[in-house]
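K.L.:
This is the structure, below, for whatever I ask next.
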Amino acid sequence: MRVPPRVASWLQVAPMALVFTTMVLIPLGIITVVSFLDYDFARVFPEIYLGSWTDALTSPLTLSLYLTVFKFLLITLAITFVVGFWLAYFLVFHVESTGWRMGLLAAAAIPFWTPGPIRMVSWVPLLGKEGLVNKALMNAGITEAPLDWLLYSEFSVILAYCNLLTLAMLGPITHSMAKIPRSLIQAAQDAGAREWQIVRDVVLPLCKPGIAIGAIFIITAVLGDFFMIKIMSGGQINTPANAIATELAAFQYPPAAAKSVMLLVIVVVLITGLLRVVDIRKELQR
């Protein structure tokens, strides 16, 4: 018996639709409903209460948390893009051997073989007051006392983000850059273009899909992170994700649900904006 094409299409998509509905849509719907309920200590009441959303949308404290995390996001995006782009450019256009190129990319991924908590803890003996960096600076006579801002500060948070997420930007950019025809580069050189002009007018525009994919990785990682910032700031810096974790620990489910939905909406809006500017579907299909 031949199955009609339309029915066959529905049957093919049904398993994924079922998983997506049960694992994403239904839990998200429950979280949204909870965000509109009243609560007290360790209890949630089936009564409509808009205070959680009022706090999530208008509270100066909540808004300051979003300003903090967006500052980290913009700085991390800028640094990882610059480092990732030029590393990718070096690997693709200045390393002729494919074996060496793959070996260097694999070497860049070696730190990620270590679990995240261990990588975070390893910064302490390096950046602490008695750490290697402070001892080296004092022995060289550059500083007279240990630098307090190297660890448990915004600097250490940004440093950890960049260390963790540069590969997320490097990989997609390298993938896009490797697909640029060498004949196109040669034609630009024959036309008299200098290297920086080739980078600006040829390489960079053709790498936009890879940059967008890397940016999506970084946006979701930074906005959703609460563990790394807690460890690297020593608990001194708070973000929406940390506030959600704190409220969950205090059994304040409605305000945590409201902030979760708001954070999800922000992430979706940012990613949608990127997808409207850059069409990454062609990159994924190539």
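The values are calculated or read from the model by the stated rules, or taken from the named source; none is laboratory data. Bear in mind the structure is a predicted one, so any value in this text is a computation, not a measurement. Counting neighbours? That spans all protein chains shown, and the Cβs are built from the backbone with ideal geometry, glycine included.
K.L.:
Does region 156-179 include one or more residues that are charged (D, E, K, R) and either touching a Pro at 6+ places or on another chain (Cβ under 7 Å) or free of Cβ contacts under 8 Å to residues at least 12 places away in the same chain (or both)?
P.N.:
no
K.L.:
Out of curiosity, is residue 268 surrounded by fewer than 20 Cβ atoms within 10 Å (Cβ to Cβ) and either in a helix (DSSP H, G or I) or of a type in the set (Asp, Glu) (or both)?
P.N.:
So residue 268 fits the description; yes.
K.L.:
Let me ask another. Mind checking whether some residue in region 132-141 is touching a residue at least 24 places away in the same chain (Cβ under 8 Å) and under 25 Å from residue 231 (Cβ atoms)?
P.N.:
There is no residue in region 132-141 that is touching a residue at least 24 places away in the same chain (Cβ under 8 Å) and under 25 Å from residue 231 (Cβ atoms).
K.L.:
Filter region 56-77 for residues that are exposed (fewer than 12 other Cβ atoms within 10 Å of the Cβ) and touching a residue at least 12 places away in the same chain (Cβ under 8 Å) and give the result.
P.N.:
Once the filter is applied, which keeps residues that are exposed (fewer than 12 other Cβ atoms within 10 Å of the Cβ) and touching a residue at least 12 places away in the same chain (Cβ under 8 Å), region 56-77 yields nothing.
K.L.:
Just checking, how many residues over region 44-103 are assigned to a strand (DSSP E or B) and of a type in the set (Asp, Glu)?
P.N.:
1
K.L.:
Here are some conditions: (1) touching a Leu at 6+ places or on another chain (Cβ under 7 Å); (2) part of a helix (DSSP H, G or I). Residue 260 meets all but one. Which one does it not meet?
P.N.:
Failed condition: (1).
K.L.:
Quick check on this structure: which one of 80, 54 is closer than 19 Å to residue 260 by Cβ and at pLDDT 90 or above?
P.N.:
Matching residue, one of 80, 54: 54.
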